[in-house]
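Input: a single structure, listed below in C-alpha cells.
Laboratory data are not the source of any read-out in this text; all were calculated from the coordinates shown. In this text, all values refer to a predicted model and were calculated from it rather than measured experimentally. Note that we place each Cβ from the backbone using ideal geometry, even for glycine, and neighbour counts take in every protein chain shown.
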Amino acid sequence: MVWQVMQDNRRHSGQHTYTVPSPDSYPFQWFWDSCFHAIILRHFNPELAKQELRALAARQFKNGMIPHMIYWDKPPPETKFPKIQWGRRHASSLVQPPMLAAAVWAIYQTDGDKQFLREMLPVINRFHHYFLYYRDPYHHRLIGLINPDESGEDNSPRFDHALRLRAHQQIEKNYHHRLKLIELYRRERFVIKHHMDRFHWVRDVPINAIFVANLRYQSYIAALLGDSKITHAAQGLAGEVSAAMRRYMLQDGVMNSTVGLEYRPIKVKTWAMFAPLFGELHSQAEAESLVGRHLLNPKEFKAPYCVPTVAMDEPSFDAAGFWRGPVWIATNWFIFKGLLNYNHGTEAQMILKDSLKLISRSGLREQYNPLTGEGLGATNFTWGGLVLDMLADSQKLK
Ligand code: GLC
C-alpha cells in the first residue's frame, strides 16, 4: 500500500524527481514532507530517497533557506493556492522544521554512501546557517517562526494567542489571519530578520527540538567526512540551543513555546511537549514524568487512538479540527523516536500499534480522529509510510 502511494505520487520536472504528499490536495513539493519521503523511500530504494532531497537542494536560495513549498512547473491556481500566497511565484518564502540532516543521515544508515554525504553537507551547512543568522536576530540561540505554517502545524492552538484568536474558531478565520501576516512580511520584502519581533515573535518547541537533533546529525556527517571544524561547530550549537530551550522554555518539567521578547510561556498542551524527547533535551527523570503524567494520561493524550496532537482536556481540542486534535503519523513518528531515545520501548510500541490500526482501518489519510479512528483530510497521503520506519526500529527492539 505504501509503495503504491509513493510511486503514484512521484513527479518529474526536467532532471528533478520528487513526491507530492497527496495528488489532489497537495500537488507540489513540500519541504518536511520530502524529508519524510526520503526516510520512507530509503526502505525501498535509497536512490529514490536521494533524488527527493536533491530536488530540495536544487531550490535552495542564495541565503541558505530552502522554501517550504516548491511549485516546480505549475504555479498554483489562484483559487486554492493563490500565486504569490506564500511570497514568491515559484516557491514560498517560508520554511518548515529543518529535517534535512536527519533525512540524509537516515539514508546513509541504509546504504553507507559517503559520496552522498559529501554532496549534501554544504547544503545542510548553508541551511542551518540561515536559521541561525536570519531567525535569531538577538543571538539567543532559539529560532523563531514568522508564521504558524512554518511549524508544519498550520492552525495549531499554540499560535492562537499570537494570532489573537479564541480557542473556538473557524478554520477559515485562522487561515485569513495567517495570510494577513504574510502580507505584512511581503510589504517588508521578507527581510525577516528586522521584523520578526514586531509581527510574530514565537519561539516554538518542536522546530527548536528538531533543530537540535539536526545539528547533531550535521555533526555526525561532518565527523564521518573528517571535517572537524563543522563537527565541533555543530556540536557546540546543538548544546547552545538545548541550553536556551531549557532556560527559556522549561517549567515544571514541560517545555512551552513562548511569545514575545520576554518569552511568555504559551501554556497550551499539545504534542509539542513530547518533541524535546526527539532532541534529547530532557533528563531521564523528566522523560519518565512526561510519559507518566501526560502521554499515558487518559484525560490528556491517552486517547482511543494515540497520539492526539492536542490534549483532550484543552478547550481548543477538536477531534476533527486539522491540527487541533487529530492524530498525524509524522508527529507519532517524532514521539516514537523520542521515546526510544529514553528506552521507553513499550510506549513506543503502543504508538506504532495505534498508527498501524489507524492505517488498516482508514487507509493512508492525512490525519485521523483520535476518538473514533476515522480518516480525515487528504487521501493517498504519504506520511503513513513512516510506519515502515517505525516497524524497522521496532524489529531491532526484539
Ligand atoms: C499541511 C500540513 C503541513 C504539510 C502540508 C503538505 O499544510 O499542515 O505540515 O507540510 O500540508 O502535506
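Tabulated results
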quantity: Phi to ³J(HN,Hα) by Karplus 6.51 cos²θ - 1.76 cosθ + 1.60 over the range 310-326, Hz, x for Gly, Pro; calculated: 10, 4, 5, 9, 7, x, 7, 4, 9, 4, 10, x, 6, 8, 10, x, x
quantity: Amide hydrogen neighbours beyond the local backbone of Ile266, cut-off 5 Å, H modeled; calculated: Ser257, Thr258, Val259
quantity: Residue order, fewest to most beta carbons within 10 Å, for Met6, Met350; calculated: Met350, Met6
quantity: Förster radius 25 Å - calculated FRET efficiency between Arg361 and Lys396, Cβ distance, rounded to 0.05; calculated: 0.40
quantity: Neighbour cut-off at most 15 other Cβ (10 Å), DSSP loop, trypsin sites (Lys or Arg not before Pro), the range 249-358; calculated: Lys267, Lys299
quantity: Ranked list, fewest to most other Cβ atoms within 10 Å of each Cβ, for Cys306, Cys35; calculated: Cys306, Cys35
quantity: Label point distance in nm, His140-Glu262, each placed 7 Å from Cα along Cα→Cβ; calculated: 1.2
quantity: Fluctuation leader among Asp160, Asp204, Asp113 - the chain, Gaussian network, Cα springs under 10 angstrom; calculated: Asp113
quantity: Value of D in µm² per second that Stokes-Einstein yields for the chain, Kirkwood Rh from Cα pairs, at 25 °C (0.890 mPa s); calculated: 117
quantity: Eligible lysines near Lys62 by straight Cα distance, threshold 19 Å, same-chain separation 8 or greater; calculated: Lys193
quantity: Given charges at beta-carbon only (K, R positive; D, E negative), |dipole| of the chain in Debye; calculated: 800
quantity: C-alpha center-to-center spacing [the range 323-398, the range 121-187] in angstrom; calculated: 25
quantity: Inter-label distance for Tyr133 and Arg293, nm, one decimal - labels placed 7 Å from Cα along Cα-to-Cβ; calculated: 4.1
quantity: Theoretical ellipticity at 222 nm over the chain - DSSP helices of four or more residues, -39500 (n - 2.57) apiece, nearest 500; calculated: -14500 deg cm²/dmol
quantity: D (Stokes-Einstein, µm²/s), Kirkwood Cα radius, the range 329-395, 1.567 mPa s at 4 °C; calculated: 109
quantity: Label-point gap, in nm, between Asp113 and Leu224 - each point 7 angstrom along Cα→Cβ; calculated: 1.2
quantity: Amide H contacts of Thr19 (H built 1.01 Å from N, under 5 Å, at least 5 apart or other chain); calculated: Arg11
quantity: Above-threshold pairs, the threshold being 32 Å between Cα atoms, out of Lys229/Lys398; Lys180/Lys299; Lys269/Lys357; calculated: Lys229/Lys398; Lys180/Lys299
quantity: Rounded to whole Hz, the Karplus (6.51, -1.76, 1.60) HN-Hα couplings of the range 380-393, x for glycine and proline; calculated: 6, 8, 6, 4, x, x, 5, 4, 5, 5, 5, 4, 4, 5
quantity: Translational diffusion of the range 197-269, µm² s⁻¹ [Kirkwood Rh, Cα pairs; Stokes-Einstein; 20 °C; 1.002 mPa s]; calculated: 161
